[in-house]
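Following: one structure in structure tokens, then a few remarks.
The values are calculated or read from the model by the stated rules, or taken from the named source; none is laboratory data. Worth saying up front: this structure is predicted, and the values here are computed from it rather than measured. Using ideal geometry, Cβ is built from the backbone for each residue, glycine included, and neighbour counts are taken over all protein chains shown. The accessibility values were calculated without ligands, DNA or RNA, using every heavy atom of the protein model including side chains. Shrake-Rupley method; radii C 1.70, N 1.55, O 1.52, S 1.80 Å.
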Amino acid sequence: MATPTLEKADEAGAPEPGFADSPYITVTFRIRRFNPEVSEEASWQDFQLEIDPKERVLDALHKIKWELDGSLTFRRSCAHGICGSDAMRINGRNRLACKTLIKDINPEKPITVEAIKGLTVMKDLVVDMEPFFQAYRDVMPFLITTGNEPTRERRQSAEDRERFDDTTKCILCAACTSSCPVFWNDGQYFGPAAIVNAHRFIFDSRDEGGEQRLEILNDKDGVWRCRTTFNCSEACPRGIEVTKAIQEVKRALITRRF
Amino acid sequence: MSAETTSAGATANDVRLYDVDNPAPVIEAPRKRTKKTGRASRGNFEMQAWLFMRLSGIVLVVLVLGHLLIQLVLDGGVSKIGFAFVAGRWASPFWQVWDLLMLWLAMLHGANGLRTVINDYAQRDNTRFWLKMLLYTATVFTVLLGTLVIFTFDPNIS
């Protein structure tokens with residue numbers, strides 16, 4: 001760990017010999033700023049930071065906001081990859097700022113940070129998530145059952161639980177949906193995240209609303225608009241096989257009919 | 001409120017800050033999900049179209065590659081193609097069915113592919129509608145004309 005850091009400190013050409021083993025390097029962050037109260041246009045702004053490359057992009061954003069420019073606006077809540085608030089486009093790829101280490105994204109070049117695409121930018125890195133959550137709500141992401149409620153918990157075998165384990169990991173950060181080229185062009189498409197969360201209940205043995213959810217996703221803006229470009233699987237910070245989940249919903253729709 | 005929003009938008013050229021009495025204009029999403037989204041269902045059409053693409057694709061691989069092989073490679077290749085060659089092939093019902101199937105599947109497969117491309121890329125509702133109308137017209141015309149020729153082909157035409 002220490003060796004590459006030392007090398008980078010040397011490359012940065014630390015002026016005084018005393019700083020030779022400092023872990024800090026100079027990194028340029030190129031952030032796409034947008035403030036509708038000042039200008040209709042978004043523009044790129046560079047910030048130079050002395051920062052440890054083992055820190056995360058979110059730490060750099062904090063440093064900029066707290067020490068350089070307090071007007072920089074972004075979302076973050078837990079800052080540890082669980083809340084899904086800080087999905088953003090870093091070096092052209094959707095990632096969570098709180099899970100991306102600076103050393104992993106080539107800090108020798110300027111690191112670009114911009115808002116996720118396909119959703120309306122409100123300010124700087126903050127987008128309007130409402131279309132995203134509306135699609136999420138439309139697939140009814142809650143347990144639907146009939147009959148009397150059992151007095152105990154609803155039992156399920158380990159295999160049945162395993163069936164939809166992958167899609168339970170979604171944190172609704174919108175990294176997948178905002179990396180989908182179909183969603184970029186047509187916000188009417190449900191998007192990968194909504195389908196993943198429908199998948200989580202469609203393949204749950206305890207749930208009885210699968211048929212309704214499949215019917216919703218069978219619509220013209222449902223799963224059939226997926227072009228299997230795999231952007232969503234690549235973007236998912238939780239490593240969910242999103243495209244596979246979408247394909248499984250397609251297969252369920254076809255085998256249900258024939 | 002809306003009148004103030006408009007006036008603020010009109011003077012957006014000179015840099016000025018908005019405040020409580022003079023709010024920034026609301027930015028609408030390019031194509032918001034509406035209440036109708038996810039309701040107006042067209043039944044199974046999208047699923048059937050998706051399935052048709054896969055199935056017709058498999059059949060077309062055989063039909064088109066066979067067609068290219070016969071027309072361009074075997075028996076002297078492209079130089080043999082002429083009126084007599086076509087007349088000879090269409091004397092047999094087998095090749096009539098082959099060509100008819102290829103015409104229909106290829107045209108519908110291509111048209112459906114273009115339909116999805118238009119759906120994905122045309123931004124305005126009007127553009128999308130008219131592009132699709134143009135596509136459907138061209139498809140119907142080509143399919144009908146080709147079918148007519150295959151069925152009414154007269155080898156003794158002067």
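For the range A:101-119, which positions are away from chain B (no Cβ under 14 Å) and either open to solvent by 60 Å² or more (accessible area, probe 1.4 Å) or assigned to a helix (DSSP H, G or I) (or both)? Walk me through how you get there before you give the answer.
In the first step, residues of the range A:101-119 are kept if they are away from chain B (no Cβ under 14 Å); the result is A:101-114.
Those that are away from chain B (no Cβ under 14 Å) and either open to solvent by 60 Å² or more (accessible area, probe 1.4 Å) or assigned to a helix (DSSP H, G or I) (or both): A:ILE102, A:LYS103, A:ASP104, A:ILE105, A:ASN106, A:GLU108, A:LYS109.
Report, by residue number, each residue of the range A:176-186 that is of a type in the set (Gly, Ala, Ser) and surrounded by fewer than 24 Cβ atoms within 10 Å (Cβ to Cβ). Reasoning before the result, please.
Taking the range A:176-186 and keeping what is of a type in the set (Gly, Ala, Ser), we get A:178-179.
Within the range A:176-186, no residue meets the criteria.
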Checklist line | Residue within the range B:25-45 that is at pLDDT 80 or above and within 12 Å of chain A (Cβ to nearest Cβ) present | finding: yes
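Return yes when A:CYS180 is farther than 30 Å from A:GLY147 by Cβ, at pLDDT below 95 and in contact with a Cys (Cβ under 7 Å, 6 or more places away or on another chain) and no when it is not.
When the stated conditions are applied, A:CYS180 passes them.
Hey, can you tell me all the residues within the range A:24-48 that are free of Cβ contacts under 8 Å to residues at least 40 places away in the same chain and either open to solvent by less than 80 Å² (accessible area, probe 1.4 Å) or in contact with a Cys (Cβ under 7 Å, 6 or more places away or on another chain) (or both)? Walk me through how you get there before you give the answer.
Initial filter on the range A:24-48 (free of Cβ contacts under 8 Å to residues at least 40 places away in the same chain): A:24, A:26, A:37-41, A:43, A:45, A:47-48.
Result: A:THR26, A:GLU37, A:VAL38, A:SER39, A:SER43, A:GLN45, A:PHE47.
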Checklist line | For A:LYS250: the one exception among (1) open to solvent by less than 10 Å² (accessible area, probe 1.4 Å); (2) of a type in the set (D, E, K, R); (3) out of contact with any helix residue (DSSP H, G or I) (no Cβ under 9 Å at 6 or more places or on another chain) | finding: (3)
Check: Under the condition of being in contact (Cβ under 8 Å) with a residue 60 or more places away in the chain and outside any helix (DSSP H, G or I), which residue from the range A:230-258 is nearest to the other protein chains (Cβ to nearest Cβ)?
Finding: A:GLU241
Item checked: Top-ranked residue of the range A:77-116 - restricted to ones that are free of Cβ contacts under 8 Å to residues at least 24 places away in the same chain and among the hydrophobic types (A, V, I, L, M, F, W, C), ranked as farthest from A:LEU58 (Cα to Cα) -> A:CYS78
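Inside the range A:47-86, can you point out the residues that are aliphatic (A, V, I, L, M), within 18 Å of A:VAL27 (Cβ to Cβ) and under 19 Å from the mean Cα position of the chain (by Cα)? It would help to see each step written out before you state the result.
At the first step, the residues of the range A:47-86 found to be aliphatic (A, V, I, L, M) are A:49, A:51, A:57-58, A:60-61, A:64, A:68, A:72, A:79, A:82.
Of the ones still in play, those that are also within 18 Å of A:VAL27 (Cβ to Cβ) are A:49, A:51, A:57-58, A:60-61, A:64, A:68, A:72.
A:VAL57, A:LEU58, A:ALA60, A:LEU61 - these are the residues of the range A:47-86 that are aliphatic (A, V, I, L, M), within 18 Å of A:VAL27 (Cβ to Cβ) and under 19 Å from the mean Cα position of the chain (by Cα).
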Notebook entry, point to check: Inside the range A:53-62, can you point out the residues that are open to solvent by less than 30 Å² (accessible area, probe 1.4 Å) and either touching a residue at least 24 places away in the same chain (Cβ under 8 Å) or not assigned by TED's automatic domain parsing to the domain that holds A:GLY92 (or both)?
Noted result: A:PRO53, A:VAL57, A:LEU58, A:ALA60, A:LEU61
Item checked: One residue from A:GLY209, A:GLY191 being under 23 Å from A:GLY92 (Cβ atoms) and either surrounded by 24 or more Cβ atoms within 10 Å (Cβ to Cβ) or not aromatic (Phe, Trp, Tyr) (or both) -> A:GLY191
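Could you list, in sequence order, all residues of the range B:110-146 that are within 16 Å of B:VAL86 (Cβ to Cβ) and either loosely packed, with under 15 Cβ neighbours inside 10 Å or acidic (Asp, Glu) (or both)?
Correct list: B:LEU145 only.
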Note to self: Taking the conditions exactly as written (on the phi > 0 side of the Ramachandran plot and at pLDDT below 95), does A:GLY191 satisfy them or not?
What the structure shows: yes
Checklist line | Subset of the range A:120-133 that is at the interface with chain B (Cβ under 10 Å from one of its Cβ atoms) and crowded, with 23+ Cβ neighbours inside 10 Å - its residue that is nearest to A:THR73 (Cα to Cα) | finding: A:VAL127
Notebook entry, point to check: Yes or no: A:ILE195 in contact (Cβ under 8 Å) with a residue 12 or more places away in the chain and of a type outside the set (D, E, K, R)?
Noted result: yes
Margin query: Considering only residues that are crowded, with 16+ Cβ neighbours inside 10 Å and more than 26 Å from A:CYS180 (Cα to Cα), which ones fall in the range A:66-95?
Written below: A:LEU72
